[in-house]
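Scroll down for the structure; my scribbles are underneath it.
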Amino acid sequence: MYIYFGVCVVVLGLVFGSFLNCTAMRLVRKEDFVRGRSHCPKCGHELSALELIPVVSYIIQGGKCRHCKSRISPRYIAAELVFAVLSLLLYINLVLFGNIFELSDLLVFFRNWVLTGCLFVVALTDLENFEIYDGVLIFGLITFLVFGILQLVFGITDLVSLGWSLLAGLVTGAVMLGASLIMDRLLKKNSLGGGDIKLYALLGLYLGFYGAYELVLLSCILGLLFVAIRKLVKPEASKEFPFGPAIALSGYILLFAEEFITGWYLSFF
Ligand SMILES: [Zn+2]
């Protein structure tokens, strides 16, 4: 049973990963992503249903367009696999520490899955052109509210805790805005982008006050780590560095590891 659901999660993860990757690419290229059909970026050949199966199509076609034989970027298959893994980890967390037959746990799982999708798109667009799109963040906000209302309806949460979440989001955004204004003054250059600050606010909403505090610490650590890794791999790369992926990854990790991380560092005191 658990394995059957796990397979479903992986398959859906591949499909959503493909969809989210296309969404990110179309946002960056300002294409219409509701009506526009998927096509080969080289020759414009429209992809048939058979060519749209995640991973499988890529392997069968040997990573080439069936029409013009140009190489398909490995980005597609990488995005599908990465999102499938992210989805599977969320599911394993649910199985290990929750109950898949408990409505409250299921709601949190699906809510976090949708948020993971938003974070994934944020990371992709920020990596590609240093842009975090408001639409993606608003989608994350609406997701939180919709699931919040469902939790209210089923008596899983109350208005007070929802209010605290909203407050945590607002305070996180305000604190990061203040911090970035001070850093801009001190460093005499732009530190955090507006998108980064809004992303912090969105994650503060999901994670609460304590989680938001850990988010700031973890994202700084990961951000520095990413910069260091890139320095090693590509010393000639430009100074500009997207911070969104570090925030997004930290938020994802804290979605299910917050209690461990808190317990771990509190054990030092
Ligand atoms: Zn082609």
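Points to keep in mind about this one:
- Test: residue in the range 111-125 that is more than 16 Å from the ligand (Cβ to nearest atom), more than 12 Å from the chain's Cα centre (by Cα) and surrounded by fewer than 19 Cβ atoms within 10 Å (Cβ to Cβ): no
- Any hit, the range 151-158, residues being in a helix (DSSP H, G or I), more than 22 Å from the chain's Cα centre (by Cα) and without any contact (Cβ under 8 Å) to a residue 12 or more places away in the chain: yes
- Among residues of the range 80-119 being in a helix (DSSP H, G or I) and of a type in the set (S, T, N, Q), the one that is farthest from residue 199 (Cα to Cα) is 104.
- Residue check, residue 83 surrounded by 13 or more Cβ atoms within 10 Å (Cβ to Cβ) and modelled with pLDDT under 95: no
- When residues of the range 61-83 are limited to those that are among the polar types (S, T, N, Q) and out of contact with any helix residue (DSSP H, G or I) (no Cβ under 9 Å at 6 or more places or on another chain), the one farthest from residue 249 (Cα to Cα): 70
- Note on the range 38-73: among residues that are among the hydroxyl-bearing types (Ser, Thr, Tyr) and more than 10 Å from the ligand (Cβ to nearest atom), the one that is surrounded by the most Cβ atoms within 10 Å (Cβ to Cβ) is 57.
The values are calculated or read from the model by the stated rules, or taken from the named source; none is laboratory data. Note that the structure is a prediction, hence the values are computed from the model and not measured. Neighbour counts are summed over all protein chains in view; Cβ atoms, including those assigned to glycine, are modelled from backbone coordinates with ideal geometry.
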